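One structure is given below, encoded as structure tokens.
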Amino acid sequence: MTGIAQLLTDLESRGIILFLEGGEMRYRSPRNALTDADRVQLRAQRAAIVTWLQAREAGKALRAVKGRPGPLTPSVAQEMWWRFAGPPEEGKPIALNIGMAGTFRDTDAKAVTAAIAQLMARHEALLVSFRADGETLTAFSKPAEAFAIEQESAPDAATADRSAQEFCTRLNPILGEWLTRAKVIALPDGRVTAAISSAHMIADAASRNIVMDELRDILEGRALAPASTSYNDYSLAERDLLAGPQGRDLIDYWRDWYDRQPALTAPVDGTPLLWGTGARIVRNFSIPGRVLDSARALARQLKVTPFLVYLTIFAITMARWSGRARFPLRVLGDKRTSMELTGTVGLMFCADAVEIHAEPDADFETVLRGIVAEYDATLARRIPTLHFYAPQMVRPGVEAAGYPNRIPAVFNYYAVGTAREKAERAGSDIGATAPWPPRITELPPQIWPRVSSPVFLHLMDYGDAASASLHFYERVLGKTDQDAFTALLLQVFTETLAA
């Protein structure tokens, strides 16, 4: 844990609470709890503590924004995404879409088509299109009644699934006419498959779950929940705060944080672990349900979420592989942190920068508890960046687009599917007999024109099995370093979880 975080945590454990009042540091405590040694420390670190508390207050204010009405405007995240994933190399090597597909019984193509149309009218974020004039991006809303839904028939479910999958992988250009497309596929047995594909510019994985849940509610005759804060209203309020003094507090805090982070090098090749463009190596493997069950059991025992168990496994792997006990990670997350935002469709994912401390002689729980403390501190000061930007690049133009990002790795854990979809999969034996350690499938090298992190682990948890995708930026990590990291990751998985 960082020095200020450790100091404040220790004080709070004794009932001593620091806060700001009129820009000055104040404290509340039990009588005589603050010692002379405490006072010496507080005086010596006053400036750093005030900065820490200011960032916490700004983070609290940002989490509390309720949205405000105003003209349709690209969000800060969308401006970043456009610069990252847009023209001229858009769609290479793959289209970055959010695919939303599901098959429904006891309905017909007409009812599914009407339900999709209703959802499109409900979520303006899915109807937005963009125009660019130099470095200025402008947003427009397309009329819901103009949204066309393709119709198709398929002879069987397998054919419908393939058609839906192919449909969802087509490029939806950021500056195209429509960033969302939909298709309804009728099956001869009375089932209907719905496929909706939105550019990542306007949706994220949680948006997929919201849309699929609401689509099922409509088809099953249930009333939809009251509409959540619209994406545009939320984004305008977020932009207001970031443009003000509290936004500057956050940006300054994360600039200083970033400057303090150590630079890592590849263990074998010695190459600085900086982000860049070029060939990316992807290694995929499956995690069987019995390993996931062990992770869930350990999470219950330690009173944390499975996400934190997997993050700790990844962090311990990074520490052993790099030979460094302290380093930063990027952890993908979701800004839907209030009831008003639970049903908000839009680009609400973010990436949090977390400082990791994983001493080589520390046990799993000790490392995990340190990560929990650092992650909580980060969330308290969350800044809405995306994983490909250095922490201080919260607003385009704050730093040059080519500013180096030396955070060596990104971790992305996502529990896939809605609660109803998971319930339907419950008891499935998919992956029950899958081997562990798993078989690794390495894809042919992919040339990415967008900047990539040296190491990136995607972990998609379906409940009964999980798929893992481990990415390496080949320009800074050679095969020996890649192989060593892969082997260590599986080793730490096996050490931690009964396989």
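Accessible surface computed residue by residue for the range 252-300, with neighbouring protein chains in place and a 1.4 Å probe, gives 40 Å² per residue. In this simple spin-label model, placing a label point 7 Å from the Cα along the Cα-to-Cβ direction at both Thr73 and Thr136 gives a separation of 1.4 nm. Only beta bridges with both residues in the chain are counted; by DSSP, about 80 percent of them are antiparallel. Thinking of the chain as a set of Cα atoms, what percent of all their pairs are more than 45 Å apart? That tail contains 14 percent of the Cα-Cα pairs. Overall, the accessible surface of the range 116-157 at a probe of 1.4 angstrom is composed of carbon and sulfur to the extent of 50 percent. Kirkwood analysis of the Cα pair distances in the range 312-441 returns a hydrodynamic radius of 17.4 Å. Stretching the chain fully between Asp259 and Tyr403 yields a gain of 50.6 nm (0.36 nm per residue, less the alpha carbon separation). The calculated FRET efficiency for the pair Ser467 and Gln301, based on their C-beta separation and a Förster distance of 22 Å, comes to about 0.30.
Per residue, the range 394-472 exposes an accessible area of 46 Å² to a 1.4 Å probe, with every protein chain left in place. Nonpolar atom fraction for the range 432-478, defined as the carbon and sulfur part of the 1.4 Å probe accessible area, stands at 60 percent.
Of the accessible area of the range 298-391, computed with a 1.4 Å probe over protein heavy atoms only, carbon and sulfur atoms account for 55 percent.
Remark: the chain carries a charge dipole of roughly 680 debye about the Cα centre, counting +1 on each Lys and Arg Cβ and -1 on each Asp and Glu Cβ. For the chain, the longest principal axis of the C-alpha atoms and the axis of helix 76-85 are separated by about 70°. Against the main long axis of the alpha-carbon atoms of the chain, helix 364-380 sits at an angle near 80°. At most 15 other Cβ atoms within 10 Å and a DSSP loop assignment: could you name the GluC sites (Glu not before Pro) in the range 124-159 that fit? Loop-located and lightly packed - Glu135. Taken per residue, the accessible surface of the range 1-94 reaches 54 Å², heavy atoms only and a 1.4 Å probe. Net charge in the neighbourhood of Ala158 (other residues with Cβ under 14 Å of its Cβ; Lys, Arg +1, Asp, Glu -1) is -2. Applying the criteria of a DSSP loop state and at most 14 other Cβ atoms within 10 Å to the trypsin sites (Lys or Arg not before Pro) of the range 72-120 yields Arg105. Only bridges with both residues in the range 143-217 count here: give the DSSP antiparallel percent, nearest 5. The answer is about 60 percent antiparallel. Length gained on full extension, Ala325 to Asp217: 34.0 nm, using 0.36 nm per residue less the C-alpha separation. In terms of distances greater than 32 angstrom between alpha carbons, the cross-link table entries Lys60/Lys479; Lys183/Lys422; Lys110/Lys335; Lys110/Lys142; Lys60/Lys142; Lys66/Lys183 yield Lys60/Lys479; Lys110/Lys335; Lys60/Lys142; Lys66/Lys183. Could you tell me how many degrees, from 0 to 90 and to the nearest 10, lie between the Cα long axis of helix 205-219 and the main elongation axis, the longest principal axis, of the Cα atoms of the chain? On a 0 to 90 degree scale, this one is about 40.
Among the aspartates and glutamates, which have Cα under 14 Å from the Cα of Lys303 when same-chain residues fewer than 8 positions away are ignored? Lys303 reaches Glu365.
Extension gain, Leu34 to Lys110: 0.36 nm times the residue separation minus the Cα-Cα distance gives 20.4 nm.
The values are calculated or read from the model by the stated rules, or taken from the named source; none is laboratory data. Predicted, not measured: the structure shown is a model, and the values here were computed from it. Positions of Cβ are generated from backbone atoms using ideal geometry, with glycine treated the same way; all protein chains shown enter the neighbour counts. Note: accessible area is taken over every heavy atom of the protein model, side chains too, but ligands, DNA and RNA are not part of it. Shrake-Rupley method; radii C 1.70, N 1.55, O 1.52, S 1.80 Å.
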